[in-house]
Structure formats: structure tokens, C-alpha cells
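All remarks here apply to the structure that follows.
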Amino acid sequence: MTGLRAIWLVGPKTEHKFHPESKAQSEAFLTGHLPRKANERYRFVTYTARFGDGRIEALEEMYLPATLEQQGSAVTTSNVMMLRLAKGSYTIDGQAVTGTVFHKAGGRWAVGEPKGLIKRSGLQVPIDDAFMDRFVSIGEPDAAFAANWKTHMNGQLLRATAPVKDAHLVLWGTPATNPTLAKILPKLPVQWTAAKLTVNGQTFDATTHSLAMIYPNPLNPSKYVVVNSGHSFGTKDFEGTNALLYPRYGDYAVVEKATGAVKLSGYFDSRWQFAAAPTYAKDIAPILQAKCEGCHRPGQIGPFPLTNYKQAAAFHAEIGRVTQARTMPPWSAIPGYGSFQHERRLSEREILTLARWSETGQLEGKASELPAAKKYSDDWALGKPDMVFTPPEEFALSGNGVDVYRCFVLPSGLTEDKFIRALEVRPGNRKIVHHVRTFADLTGEARKLDAADPAPGFDCSIGMAVAYKRIGLGGWAPGLEPDDLPANTGRRFPGKSDVVMEIHYHKSGKREVDQSSLGIWLADTEKVKFVQKSVPIANPFIKIPAGNARHMEKASYTLPKDTRVTAVLPHMHLLGQEMKMTAVLPDGTERPLVWAKPYDFNWQTQYTFKEPVELPKGTKVNVSAWYNNSESNPKNPSNPLKDIRWGEGTTEEMLVGFLIYVEPRAN
């Protein structure tokens, strides 16, 4: 739609809805500029049936991506339970069907709607969904909810003594105080007497606990009944920002009356049955073991271990928060933009499972369902290295303050060039070693800087800027295993060079010492036919204006020859928010390389492709980078704010997308 002139529509007395005439004009505008061709490919993804585009009516599992792809009469789906299409004959997931409405049962598609209750469009939860349409309230409502509704929603609660047709029903009190609640209670999936409240097999004292729940109204199954709940966000959230107005409960919750503490919460499945709550043994331990234990185990960089039930349960809320925010595990590459080895990314299902476990009581499960404990070794991963480099003395790190970047310089002892097939770093103190990068210095500059600093090594807070002056050898970060290159491939290790170990230290709160080692395995020089190299695609003329929360800069590079790309490495400093690298082939075809979003300076990662990316001569590699130089960036080092330009210091900025590739070895 580039180049279209947008229209400005202002409808009279619109409040929070479209004025009918404005809506008609808007739809006419969109329809006129987005024509649908008869055989046009259509793809739609949603996480909830509320936003199903009129086609996806129900999901097999809520809050996991449901996908619909259609081209003509050919339809493919994923995680879809019910579809509504134009009347006709279709092939859905390889099965021929004719009709308008289709549902899946037993893995097969059938015509018509499914029998019984299902979570469907307009009836798909969460509790807050009931307050996005007309509802009536029976009983004495929660005072805070009523006040917030009046103050922030600009409305009075519609009170009633009996259900109203075509309106959701909100009930307050107990079966003893609310006759309507008592009437429908036998058809709700809970048991509630004056003494006991039983929900999903767990029983609570009804005198000290209350129920909050959403369910199809037994008196009108096309509408909700909500019990003892308004929207699940509170006064402080209303007084904050719109970002805080998100659901706090699942589909049901047991709340302690005196404190408001949630003692049990959970979800109904797609057919309004209690969903099985995940357990640590069966569902959580395998995730933590595969994606988290590399850092979160005793003696490692993680601030707390996650190797058993008690440890995980103690941090359940934090685990749910950081995994849903995608800040942990540290893996910035977004899915669908490059395919990489050793991905630490959690799947949508894994993220949802961790959240559900946190919300549903952190059940431990059966010991028999626990995975076998993972064994970790302090030995070199590939056996004894050919060369080991260790600083001659320990480096002492104070307990408090900002992170430290320290470079240690060691003579290589090589008289001629060699080739590296693998490299591994063994941190001397895993509690403080955040990550390590290594270089070969041919200039002698690193040795001079080391000699000028009385402490072991020298301050190299310039970070990866050293890569421009030296030849990169490789790096290490917690959880990464060394890559063993094919027998016919190696990275150049120049003779008569110094080895530089750049170590990022993260302080532990007390004085620590470290003496890390670098192990190198050499390739057979006679067998090396391909050499791994890298090229920095950079823009040294960047200028990031003060106060700009989303400033973009670009760089590009045109390949002078056919290139086999094996990895990419985005690099910015503290203002960096995201970086995208894309290859545009000579015929105009685009190949995604990597999109690091959100970018994290403290977790810089080299992304190695599962399969090499072959790019022909003339391909243009574009690098786009976004920066936040405003007060909203907690990592912004400038106070007061100022324009930031290219520079080697951490408080300055960079834009570099490293392209790592292999090429035939020159004779």
C-alpha cells in the first residue's frame, strides 16, 4: 500500500466504537485498495478465537499459534478446531469436504459445528473478555471494581435481579447469598457449600475462600457467566499505562478473602473441561534441563540454580515472567528469520507450559517421571587440545560496580600459519565469566597495552572493536559447546601473533578471582581445503539523536564473488535494540539471515546456520539497526542525554553485522 493517501475519519459521538458511517467508509477504502484475487494465497495466524478473521472459529489449544493457509480451494491448518469458510468444496489438510462450517474431531474434518461446549469465537475467555461486551451484574459487586468501572470506563454497572437476554451474566456472592448462582451451580464444574469449595479436585474452606470463574452460562450457553470477578487488573494498573491492562487470572481462581491472595488458578481446555496442570517432573524439568541448566547450576553464571523442584518452585514467577518476555534463555534471533544450530529459544508451547505451571500451583509430580539427571564434565569437550593458553596469574575482580571487560595477551609461539578446527574456553570462575572472545593480534598493540597496565591484562571495555585490528579466532558463552569444523575446513591462526582473550566479567557481589584457559585444536594443514573468514558490514557514520527512542541506521555490502555463508554475528552497544540482516540476490529475491530482536549487548551471539547459505556474486547484504537513545532505555549510559556517534567505547555506538563465510584455500 505504499504511496496511498490515507483518509481521516471523525465520526460524531463515537466514544470507544466506530460510527456506522465512518466504519462503512473505512471498509470501503480498505476493500478498494486490497482486492482479493480468485486464487490469491491467504495466510492468517492467531492465538485466540476472538481474533480469528471470521474464519478460525475455535482453536484446539488456546494461546498457541493457530494457522490457516488458503489458496483457492486448498486449505491447510494448524491448531484449528473449527473453520467457517464461504460455501463450497475444499481440500482441508488433504481431506475433501463440502460446506460452510467445518470442525475437527479425532484428527478428521467433518461438516457442521461440533457437539457440546467449546471455546469458540465470542466465547473464548479469559475472564476479562466478558467485560468487552454487554453484561449485567446480579448481587453486590466488588467495590473496587465498581469504582474503577465508573472512573476509568465512564459507566455505571448495569444491575439486575435476573438474567438479561443477549448479555453476559456477572454474579457476586455465594450460593447462599445469590439465588441465580445457586440455581446454575449444579451445572458448573465446581462444588460449593457453606463449608467447602472444591475446584478441580482441590478443596478449600469456603468461609475463608471465594471463587472467581468464567464459564458458558447454563441459562444461555452463547454467553458467559462470570462469578465474583470484574476485570482482573486493578486500580494501580488503570493509573499506570495501557501496557498494564492485561488479564491476571486464568479461567478460574480460588482467592483467599482476607488477603486477596490467589491460592489456585487454572484453565479449561478447548471443550471447557479442567485442563491437566503441568508438573515439574513431567513437563518442567525437561525444559529447564535442555534450555536453562547450562547457566543455572552450581558454580555457573546464572544467579540461582534450577536443577531440582525446590529451586524451580522458588523462582516460578520469575521464570514465567522472563520466558514470556523472551529475555531468557538469552537468544535474540526471532523464529522464521534464519535457521540456526544450538538454538536456546523456547518454543511457544514451552513458554506456555512454564507460565501455566507457575499459575496452577507448581505441582511437583511423580519422581518416576523425572528425566535422568544431566551429567556435566569439567574436562575438555573434544579431548586434550593441541594448544592451551592460560594467563600466568589470576585476575582479581571487585565485588560491586559495573561489568568489566579485560583482555589478556599470550604469545602464540607459532612460527608459521596454522588452522584451527575447534576452540574451547574453560572459565576459571564460572560465577563471574559471562562470555569470552579470542583474537590473534599481528600488530603488537595488545602487548603494549598489557605492558602499560600494572594489573594482569588490560581494560578492553571497547568490546568487540578489537576485531577490526585483529583476526577473530572464536568465542564462548555459557551453554555453548565447541563447534568442530569439518576435516577440510579451518580458521586461520597466523604465525608470529599474540593470542588475545577478551573476557566479559559480571560481578557476583564479593571479591572473586579468575584464571581462564583457552584450548585450541588444530586442523591438519595439508587437508585444509576451505578457510573460514569474516567480513564486517559496518557504518561508521551513524548518529543517534538524543531523545529518539527508535532511531534506525543502515549498512550494506555487495558480495564480490559467490559466497558460502556459515554464520552471522550482530554487534551494537548499549543503545542497540534490534538488528536485521537480509541478503538481496541479483534477481531481487530476499534471503533472511538473522533478526536479533531484542538485541542484548550482554549476550552477543554468533548464529551458526544449520546449513550454509549460498549467496551468488552481486548479492547485496543489508543491515538495519534500531537504537533507543531516550530515557526509556534503562541501559542508556548518557545522563544528560546527548547525540551518540560511532566509537570504540561501550558508551559510544557501533553498527556491525559480521558475515562469517568459507572459501577455497589459496595455494
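The values are calculated or read from the model by the stated rules, or taken from the named source; none is laboratory data. None of these values were measured; they are calculated from a predicted model. Positions of Cβ are generated from backbone atoms using ideal geometry, with glycine treated the same way; all protein chains shown enter the neighbour counts. Note: accessible area is taken over every heavy atom of the protein model, side chains too, but ligands, DNA and RNA are not part of it. Shrake-Rupley method; radii C 1.70, N 1.55, O 1.52, S 1.80 Å.
Tabulated data for the structure shown
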quantity	calculated
Per-region count, segment 293-311, residues part of a helix (DSSP H, G or I) and touching a residue at least 40 places away in the same chain (Cβ under 8 Å)	1
Count of residues meeting criterion [more than 33 Å from the chain's Cα centre (by Cα) and polar (S, T, N, Q)] in segment 72-126	6
Single unsatisfied condition, SER232 versus (1) touching a Phe, Trp or Tyr at 6+ places or on another chain (Cβ under 8 Å); (2) open to solvent by less than 10 Å² (accessible area, probe 1.4 Å)	(2)
Given (1) farther than 17 Å from ASN602 by Cα; (2) under 14 Å from the mean Cα position of the chain (by Cα), index of the condition SER339 fails	(2)
Segment 589-623, residues that are open to solvent by 20 Å² or more (accessible area, probe 1.4 Å) and in a strand (DSSP E or B)	GLU590, ARG591, PRO592, TRP595, THR608, LYS610, GLU611, PRO612, GLU614, LYS620, ASN622
Candidate set: segment 154-166, residues that are more than 25 Å from VAL254 (Cα to Cα) and touching a Leu at 6+ places or on another chain (Cβ under 9 Å); chosen: the one least open to solvent (accessible area, probe 1.4 Å)	ALA160
Counted residues, segment 435-449 - those being closer than 20 Å to VAL388 by Cα and either out of contact with any Asp or Glu (no Cβ under 6 Å at 6 or more places or on another chain) or not in a helix (DSSP H, G or I) (or both)	8
Answer from LEU382, LEU352, LEU346 - the residue that is open to solvent by 20 Å² or more (accessible area, probe 1.4 Å), under 24 Å from the mean Cα position of the chain (by Cα) and on the phi < 0 side of the Ramachandran plot	LEU352
Where LYS580 falls short, out of the listed (1) basic (Lys, Arg); (2) over 25 Å from the mean Cα position of the chain (by Cα); (3) buried (at least 19 other Cβ atoms within 10 Å of the Cβ)	(2)
Residue list for segment 279-295, filter: more than 20 Å from the chain's Cα centre (by Cα) and open to solvent by 20 Å² or more (accessible area, probe 1.4 Å)	THR279, LYS282
Filter result for ALA290 (in a loop (DSSP other than H, G, I, E, B), free of Cβ contacts under 8 Å to residues at least 24 places away in the same chain and of a type in the set (A, V, I, L, M, F, W, C))	no
Count - residues of segment 175-196 that are out of contact with any helix residue (DSSP H, G or I) (no Cβ under 7 Å at 6 or more places or on another chain), open to solvent by 20 Å² or more (accessible area, probe 1.4 Å) and not small (Gly, Ala, Ser)	10
All positions within segment 197-208 that are open to solvent by less than 60 Å² (accessible area, probe 1.4 Å) and in contact (Cβ under 8 Å) with a residue 60 or more places away in the chain	VAL199, PHE204
Subset of segment 408-434 (residues that are in a loop (DSSP other than H, G, I, E, B) and farther than 19 Å from LYS496 by Cβ)	PRO427, GLY428, ASN429, ARG430, LYS431, ILE432
Output for segment 357-382, where each listed residue is assigned to a helix (DSSP H, G or I) and over 14 Å from ALA285 (Cα atoms)	GLU359
All positions within segment 256-278 that are part of a strand (DSSP E or B) and either buried (at least 20 other Cβ atoms within 10 Å of the Cβ) or not β-branched (Val, Ile, Thr) (or both)	GLU256, LYS263, LEU264, SER265, GLY266, PHE268, PHE274
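Yes/no matrix, rows are residues, columns are (1) farther than 24 Å from LEU485 by Cα; (2) among the hydroxyl-bearing types (Ser, Thr, Tyr); (3) out of contact with any helix residue (DSSP H, G or I) (no Cβ under 8 Å at 6 or more places or on another chain):
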residue	(1), (2), (3)
THR582	yes, yes, yes
GLN606	no, no, yes
SER624	yes, yes, yes
LYS642	yes, no, yes
TYR661	no, yes, yes
